[in-house]
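Asker: Take a look at this one; I'll ask things after.
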């Protein structure tokens, strides 16, 4: 399962560098260390198409694959999806400088204000 | 009965006062990790003391010869005979039922939220794995906003945007990544999940009610001080200022009055983090103190009552 995910990432990497490509051309450009089967790459591309990562067009007998979004667009969409979920109270991810403000408590800041007042007086 | 009531009183007092005390300690420069340990230990101690208190009410005279079941049976038979069961048995039975209900609720809430977290995490990872470039343990997203976050799990991942690398110096980037890695190694996501579950189950005492908010801020301070150990306070502070000032489009982040203030203040005026060994010792001490505190308070209260009520 994990291996398949890595493969999807590698295939998208190839397509983001050069497009559009046929399955055979993707296979030739993949640098995964070991030789992959044609059908494996075809399955991966099929999965990516089903998940909406790539679009395809029939050319002759074979499909030509193209990324649905540019890498930057995909990144932006990912960031948006991740930020949208950060409002929920589930402790899945933590931002470096963005806390769930509604969950924040005043306790520490009250203390800080008090200390600053004391320091000022 | 006296012992039971003092225990309940001790638990309530600790649940009421400990948050304020810990917040004051942290704001005046105390180690946030010690505060986290003390908070969680106090929560455990308050729950345990309450359970013991309720059980003692159900065992009148603390004579353990009469079991809880007999007490319940007596209570039931007196109801059947049309008489009012004695006060101890009623309050005890009610308390036990309430505790049992809360316990079941805690389990259900925890399991449900764990499942939800696993789903959200899997969704995020599925997208991140493809959209981001992997470099060692960090996933890099081709995005201009300077952002960094950590995603819980085994193993967790740190995600950063290329905007972060562009707008921050390499020392500052290293500080941000060290901060995020500290969240993962410290299992901070789990701490927050526990805090959420506790607050959902026992929404009465400040110790439980405030736990999600305060612990969220405390683990940020813990991660900051871990990053300070690696990269120095200046790099962490400058990174924090840069990233938070930039904010994120679509999410209003007002600088003043957020936990960022507390963090920046600490990074500017705070002392250097103590050695690991000393930190471990302080955490152990704080945990032990917090665990025994409700019982100590209860004994104190009982002693006071006895002195006042029965002057020798």
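Quick note: the coordinates plus some simple rules give every number you see, no bench work behind them. Please read these numbers as outputs of a predicted model, since none were measured by experiment. Counting neighbours? That spans all protein chains shown, and the Cβs are built from the backbone with ideal geometry, glycine included.
Asker: So if the hydrodynamic radius of the protein assembly as shown is defined as the Kirkwood radius over C-alpha pairs, what does Stokes-Einstein give as its diffusion coefficient at 4 °C and 1.567 mPa s, in µm² per second? Don't jump to the answer; show the numbers that get you there.
Answerer: Values: Rh = 25.1 Å.
My calculation gives 52 µm²/s for D.
Asker: Over all distinct alpha-carbon pairs, what is the Kirkwood Rh of the range B:2-309 in angstrom? Provide the component values of the computation, followed by the final result.
Answerer: Details: mean 1/r = 0.0450 Å⁻¹.
The Cα-based Kirkwood calculation yields 22.2 Å.
Asker: What are the principal axis extents of the Cα atoms in the range A:2-67, in Å, biggest first?
Answerer: Ordered largest first, the range A:2-67 gives principal extents of 30, 22, 21 Å.
Asker: Got the relative contact order for chain B handy, in percent, Cα pairs under 8 Å and 6 or more residues apart?
Answerer: Numbers: 377 pairs, mean separation 86.2, N = 312.
Once normalised by length, the contact order is 28 percent.
Asker: DSSP beta bridges in chain B, what fraction antiparallel, as a percent rounded to 5?
Answerer: On the way: 8 of 12 bridges.
Bridges in chain B that DSSP calls antiparallel: roughly 65 percent.
Asker: Within a 10 angstrom radius of the beta carbon, how do A:80, A:50, B:129 rank from fewest other beta carbons to most?
Answerer: Numbers: A:80 14, A:50 9, B:129 17.
Fewest-to-most ranking of A:80, A:50, B:129: A:50, A:80, B:129.
Asker: Then there is this: Ranking B:1, B:302 by Cβ neighbours within 10 Å, fewest first, what do you get? The partial results should precede the final answer.
Answerer: Values: B:1 14, B:302 17.
Neighbour counts put them in this order, fewest first: B:1, B:302.
Asker: Rounded to the nearest 500, what is chain B's calculated 222 nm mean residue ellipticity when only DSSP H runs of at least 4 contribute -39500 (n - 2.57) each, over all residues?
Answerer: Working: 12 runs with 231 residues, N = 312.
Estimated from H runs of four or more residues: -25500 deg cm²/dmol.
Asker: What is the order of A:70, B:282, B:259, fewest Cβ neighbours within 10 Å to most? If you can, show how the numbers build up before the last one.
Answerer: Details: A:70 12, B:282 17, B:259 23.
The most exposed by this proxy come first: A:70, B:282, B:259.
Asker: Hey, got the average number of other protein chain Cβ atoms within 10 angstrom for residues in B:141-148?
Answerer: Other-chain Cβ atoms within 10 Å of each residue's Cβ, averaged: 6.
Asker: Sticking with this one: How fast does the range B:195-240 diffuse by Stokes-Einstein, in µm²/s, taking the Kirkwood radius from C-alpha pairs at 25 °C and 0.890 mPa s?
Answerer: Details: Rh = 11.9 Å.
Answer from the Stokes-Einstein relation: 206 µm²/s.
Asker: Can you tell me which of A:23-36, B:35-48, B:208-221 comes out highest on packing, and rank the rest after it, using the mean Cβ neighbours within 10 Å? Let's see the in-between values first.
Answerer: Numbers: A:23-36: 13.9, B:35-48: 22.3, B:208-221: 24.1.
Answer by packing, highest mean first, reads B:208-221, B:35-48, A:23-36.
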